[in-house]
Each structure stands twice: as C-alpha cells, then as structure tokens.
C-alpha cells in the first residue's frame with residue numbers, strides 16, 4: 001500500500017490538556033499501543049518493522065528533514081507475524097536502532113494523531129493528515145495539519161525535525 005501524508009512531530013508538554021482537546025474534537029480513540037520499531041540500514045529512506053498490539057507493519061518511508069509540516073511518502077506492508085519478519089530482515093540487513101514507545105492512537109476523519117511516550121526521549125505528539133486513496137491534494141493535507149496544530153496550540157518552537165530513531169542514534173554516539 002502506498003500512502004502520502006503531511007505530518008508534524010512536536011514535544012508534548014501537557015499530555016492531559018492535549019488529550020482533552022483531541023477528545024473535544026470528537027476524535028475516535030483507537031487505543032493504547034505498545035510499539036517496538038526496529039530500524040534497518042537502507043540506501044535511502046527509513047525502513048522499520050513495527051511490532052505492536054494494534055499496529056504491525058513493515059514501513060518504508062521517505063520525508064523531508066524539516067520542522068514544519070512535511071510530506072511523507074510511505075510504503076506499508078501489514079503483517080500478523082512481525083517477529084518472523086524481523087528474523088528474516090535481521091539476517092539480511094543491519095539493525096540500526098530500536099524505538100520503544102507507548103502510543104495513544106486517535107483519528108479525526110483522515111487525520112491520525114499519536115500521543116507518544118518514548119523510552120529515553122520523553123513525550124511527543126504527531127499529527128498525520130493521511131491520503132491513502134488519492135483523494136486529497138498536498139495543499140488540503142497541509143491545511144488539515146496546520147488547522148489541527150492551531151486547535152491544539154502546538155508552538156513552533158516545540159516542532160521537531162528528526163525521527164525518534166535519529167534522536168536515539170544521537171544519544172548512542
């Protein structure tokens with residue numbers, strides 16, 4: 001499955017306040033997922049295997065490195081056996097880092113919101129305006145992301161350019 005989305009990641013200084021606003025927007029709460037993402041060395045983009053209670057998938061993504069809303073191009077393969085897939089990938093590719101997080105997952109129409117508590121890093125919010133059916137232009141996705149940022153009062157200085165994997169790799173070195 002090929003997906004395009006416009007997304008942001010930001011430090012979340014008050015999970016409870018953000019959670020209340022999200023729920024007041026009539027967001028659909030999907031659940032709390034303990035996710036372990038294994039990242040593998042690739043020539044371009046990022047390849048991760050997500051092992052979670054709710055989400056289990058092999059994900060290849062390419063996105064710009066910028067703080068402001070950015071476009072991501074994603075190839076997604078859902079699997080019911082991520083551990084077996086990890087054995088194959090680990091035999092073929094070098095594993096670079098593992099991200100361990102607790103993720104609250106919400107949806108408002110095509111917008112996915114994550115409230116993440118990431119081991120060794122802290123708490124964050126991600127907003128993904130998703131187009132998996134070629135229904136939305138990049139402009140519409142950008143507007144959706146920016147509108148939700150305003151509603152949630154996400155400050156520009158709290159936006160983050162890097163992925164959790166990049167942040168953890170910096171800690172390692």
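Relative to the longest principal axis of the Cα atoms of the chain, the long axis of helix 15-24 makes an angle of roughly 60 degrees.
Summing -39500 (n - 2.57) over the DSSP H runs of n ≥ 4 in the chain and dividing by its residue number, what mean residue ellipticity at 222 nm do you reach, to the nearest 500 deg cm²/dmol? Result for the chain: -7500 deg cm²/dmol, rounded to the nearest 500. Angle of helix 138-151 to the longest C-alpha principal axis of the chain, folded into 0 to 90 degrees and rounded to 10: 60°.
Computed from Cα atoms, the angle from the helix 82-92 axis to the main principal axis of the chain rounds to 50 degrees. Residues considered: 92, 57, 129. Largest GNM mean-square fluctuation over the chain, using C-alpha springs under 10 Å, is found at 92. Taking 42, 98, 123 as the candidate residues, the one with maximal mean-square fluctuation in a Gaussian network model of the chain, Cα springs under 10 Å, is 42.
Here the relative contact order of the chain, from alpha carbon pairs under 8 Å that lie six or more residues apart, stands at 32 percent. Here the residues 6, 99, ranked from fewest to most Cβ neighbours within 10 Å of their Cβ, fall in the order 99, 6. Take the Cα of residue 11, step 7 Å toward its Cβ, do the same at residue 76, and the gap between the two points is 3.0 nm.
Taking every alpha-carbon pair in the chain and binning the separations at 10 Å intervals from zero gives 10, 38, 40, 12, 1 percent. This ranking places 172, 101 by how few other beta-carbon atoms lie within 10 Å of each, fewest first, which gives 172, 101. Within the listed set 119, 47, 58, the Gaussian network model of the chain (springs between alpha-carbon atoms below 10 Å) gives the highest mean-square fluctuation for 119.
Bear in mind these aren't lab numbers, they're just calculated from the coordinates by the rules spelled out. The shown structure was predicted, so the numbers you read here are calculated from the model rather than taken from an experiment. Backbone-built Cβ (ideal geometry, glycine too); neighbour counts: all protein chains shown.
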